[in-house]
1. Determine if the stretch 76-97 includes at least one residue that is under 13 Å from the mean Cα position of the chain (by Cα), modelled with pLDDT under 95 and open to solvent by 80 Å² or more (accessible area, probe 1.4 Å).
2. Inspect the stretch 84-106 for any residue being of a type in the set (Gly, Ala, Ser) and not in a helix (DSSP H, G or I) and give the result as yes or no.
3. Suppose we filter the stretch 40-60 for residues that are open to solvent by 50 Å² or more (accessible area, probe 1.4 Å) and either in contact with a His (Cβ under 8 Å, 6 or more places away or on another chain) or assigned to a helix (DSSP H, G or I) (or both); how many remain?
4. Is it the case, given these coordinates, that residue 24 is under 13 Å from the mean Cα position of the chain (by Cα) and either at pLDDT below 75 or open to solvent by 100 Å² or more (accessible area, probe 1.4 Å) (or both)?
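The values are calculated or read from the model by the stated rules, or taken from the named source; none is laboratory data. The model shown is predicted, which means the values in this text are computed figures rather than measured ones. Virtual Cβ from ideal backbone geometry, glycine too; neighbours counted across all protein chains shown. Side chains included, ligands, DNA and RNA excluded: accessible areas come from the protein's heavy atoms. Shrake-Rupley method; radii C 1.70, N 1.55, O 1.52, S 1.80 Å.
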Amino acid sequence: MKQLFILVFCAIFLQAGFLDFIDVSHAKKSYAKKDYKNAISGYKKIQGKSGATYDLANSYYKNKNYKKALSAYKKVSDPKLQFKKLHNMGNTYAHLGKIDEAIKSYED
């Protein structure tokens, strides 16, 4: 019985990882085709994975949904993406007409 449980657990775990790969691939292809609505859908499924929230924010930005883009950028915590995140937040604030916030974001 214990072996069956371990086998089922492993199968579920491996399937989830495989499905993440499919979602990432689909989202990236949609983004490359400028199909930002489908890219958003794909990145939402894998939010929390490395870089996915940043890519989700970029998809919102490209889809001209600046408020959601800004919200997503604020959730990006990867230090490797900090410079890009702040730059993109500056652009997003500018589109929202929040020039002071844009300048601060660029300065940071």
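1. Yes, the stretch 76-97 contains at least one residue that is under 13 Å from the mean Cα position of the chain (by Cα), modelled with pLDDT under 95 and open to solvent by 80 Å² or more (accessible area, probe 1.4 Å).
2. Yes.
3. Here the count works out to 3.
4. For residue 24, the condition - under 13 Å from the mean Cα position of the chain (by Cα) and either at pLDDT below 75 or open to solvent by 100 Å² or more (accessible area, probe 1.4 Å) (or both) - is met.
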